[in-house]
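Reviewing the structure listed below.
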Amino acid sequence: DGDHAWRFSRAAWASLLDQASRAAELVLVDTAAGLQAVTTSVLRQCDDVLGVLQAEALGARSFQSLTRFLDQFAEQGRPRLGGIVVNMFQYQAGGSQALVHDALKGLPAGIVMQPVFPRDPVLLEATSYGVPVAFLDRHGPPTLHGVFDRLAADLSTRLGVNRRTGRSVAPFLD
């Protein structure tokens, strides 16, 4: 319940995520941006964290907070930064390139997941309506229709979903 999520204690989140991990092979949790109590409680229970680096000044600062938070757990080995999704990247803007370059300094090679999400009006509009790009505009740029499927494929490869189970990740949309 979104109205009461902030009331969950760290122990309650730990219990909920433990139950989920016993019931499923893989549990993905999408948290709010920032490191509020709920997000940090969830992150403490994870093995791997996928960071989102928004290629804009405020987003890059938020990403640096995430990496500093995860550095606290380096000795324990978890949660680990398992991948980075670059979002709102502007290919023609040198500012996006510089922000991403600076934010990735010191991080392992290959940490950036594919694809990089462009700052595109179609993606922004779909996000504002809370629908997949293909539902909003089936005639939109074809490169945008498969971005989430390509991200799911990269994620499944990184997590070994295909290798462990022999199953493949089905696309969200046909």
Next on the checklist: Between a residue in segment 150-165 that is open to solvent by less than 30 Å² (accessible area, probe 1.4 Å) and any residue that is β-branched (Val, Ile, Thr) and at pLDDT below 75, which pairs come within a Cβ distance under 6 Å, given they are 6 or more apart or on different chains?
Outcome noted: 156/169
Item to check | Selected residue [open to solvent by 40 Å² or more (accessible area, probe 1.4 Å), of a type outside the set (D, E, K, R) and either touching a Ser or Thr at 6+ places or on another chain (Cβ under 9 Å) or at pLDDT 85 or above (or both)] from 57, 98 | outcome: 98
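Which ones in segment 78-95 are of a type outside the set (A, V, I, L, M, F, W, C) and open to solvent by 30 Å² or more (accessible area, probe 1.4 Å)? So that I can check it myself, show each step before the final result.
Just the residues of segment 78-95 that are of a type outside the set (A, V, I, L, M, F, W, C), to begin with: 78-80, 82-83, 87, 90-92, 94-95.
Residues satisfying the conditions are 78, 80, 87, 90, 91, 92, 94, 95.
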Item to check | Hits in segment 30-54 - residues which are without any contact (Cβ under 8 Å) to a residue 24 or more places away in the chain and loosely packed, with under 15 Cβ neighbours inside 10 Å | outcome: 30, 32
Item to check | Failed item in (1) on the phi < 0 side of the Ramachandran plot; (2) at pLDDT 80 or above; (3) out of contact with any Ser or Thr (no Cβ under 7 Å at 6 or more places or on another chain), with residue 142 passing the rest | outcome: (2)
Checklist entry - If you scan segment 67-103, which residues turn out to be touching a residue at least 40 places away in the same chain (Cβ under 8 Å), of a type outside the set (Ser, Thr, Tyr), over 12 Å from residue 54 (Cα atoms) and touching a strand residue (DSSP E or B) at 6+ places or on another chain (Cβ under 9 Å)? => result 82, 83
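Of the residues that sit in segment 66-77 and are of a type outside the set (A, V, I, L, M) and surrounded by 13 or more Cβ atoms within 10 Å (Cβ to Cβ), which one is nearest to residue 14 (Cα to Cα)? Lay out the reasoning, then the answer.
Step one: of segment 66-77, the residues of a type outside the set (A, V, I, L, M) are 67-69, 71-73, 75-77.
Then drop every residue that is not surrounded by 13 or more Cβ atoms within 10 Å (Cβ to Cβ), which leaves 67, 69, 73.
On the way: 67: 21, 69: 18, 73: 16 Å.
Looking at residues that are of a type outside the set (A, V, I, L, M) and surrounded by 13 or more Cβ atoms within 10 Å (Cβ to Cβ), I get 73.
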Checklist entry - Of all residues in segment 16-29, which are open to solvent by less than 80 Å² (accessible area, probe 1.4 Å) and among the polar types (S, T, N, Q)? => result 21
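The values are calculated or read from the model by the stated rules, or taken from the named source; none is laboratory data. On a predicted model such as this, the values are computed, not experimentally measured, just so you know. Cβ sites come from the backbone with ideal geometry, for glycine too, and all protein chains shown count toward neighbours. SASA here: full protein model, heavy atoms, side chains in, ligands and nucleic acids out. Shrake-Rupley method; radii C 1.70, N 1.55, O 1.52, S 1.80 Å.
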